[in-house]
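Everything below concerns the one structure shown next.
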Amino acid sequence: MTVCPNCGREVMGYLNFCPNCGHPLRSLDRAYPYRSTSKVRDPRITFLIGMIPGLIGIYGLGHFYIGKTIRGLVLFLMGVLVFNRIFLGLLLYLLVAGWGGESDLYGYLPWLILGALVGIAQAFDSFFLSRKYNAIVTKGGMTPW
Ligand SMILES: [Zn+2]
């Protein structure tokens, strides 16, 4: 039980408004949970979550973070199927065949760079999507996708 600050009547603690006088008993953010800022995703965090694993070919984590699941899944699978094979291929090659000099690295280098560039690009994509997401969530409430 709690006491209404407006009319002084005892009311149930879980209520958002006093049933006697209608006075709000919580901050408006909690009285209107759909306007809550708790769903907001920090674009910088989204970017880092997408970026750091993205540099080694693990894509889509920033998209998962903001609920863009399908696009995140496509990116993730792309990373697993395509680019992680390049990294694993390089690793296995070095383990099995040993280091064959600079020519080995030059063969993989374009793929490593391409993999990292795609990682950066998809991190920026999740960054801009998170800003769009936040704009919709703070304005209307429902998650946009
Ligand atoms: Zn009251």
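Observations, loosely collected:
- Cα lying deepest toward the dipole's positive end in the stretch 40-139, options 58, 135, 119, charges on Cβ: 135
- Cβ crowding within 10 Å ranks 142, 78 as 142, 78, fewest other Cβ atoms first.
- When peptides 127-136, 62-71, 79-88, 10-19 are sorted by average Cβ neighbour count within 10 Å, with the highest value leading, the order is 62-71, 127-136, 79-88, 10-19.
- Full-stretch length increase - residue 17, residue 128 - with 0.36 nm per residue and alpha-carbon distance subtracted: 36.2 nm
- When +1 charges are put on Lys and Arg Cβ atoms and -1 charges on Asp and Glu Cβ atoms, the dipole computed for the chain relative to its Cα centre reaches about 700 debye.
- Other-chain or far-sequence residues with amide H under 5 Å of residue 17's (modelled H): 25
- Cβ-Cβ FRET estimate between residue 106 and residue 52, R0 fixed at 30 Å, reported to 0.05: 0.70
- Between residue 116 and residue 3, residue separation times 0.36 nm minus the direct Cα-Cα distance comes to 34.9 nm.
- Whole-percent pair-distance distribution, where bins are 10 Å wide, for the alpha carbons of the chain: 12, 26, 19, 16, 12, 8, 5, 3, 0
- Helical runs assigned H by DSSP (4 residues or longer) give the chain a calculated mean residue ellipticity at 222 nm of -18500 deg cm²/dmol, each run adding -39500 (n - 2.57) before division by the residue total.
- Between the amide H of residue 11 and those of 2, 3, 4, distances stay under 5 Å, these residues lying 5 or more places away or on another chain, with hydrogens modeled in the peptide plane.
- In plain terms, the chain from residue 92 to residue 145 could stretch by 15.1 nm, reckoned as 0.36 nm per residue minus the Cα-Cα distance.
Computed from the coordinates by the stated procedures, all read-outs in this text should not be read as laboratory data. Just so it is clear, the model here is predicted, and its values are computed rather than measured. Glycine gets a Cβ as well: all are built from the backbone with ideal geometry, and neighbour counts include every protein chain shown.
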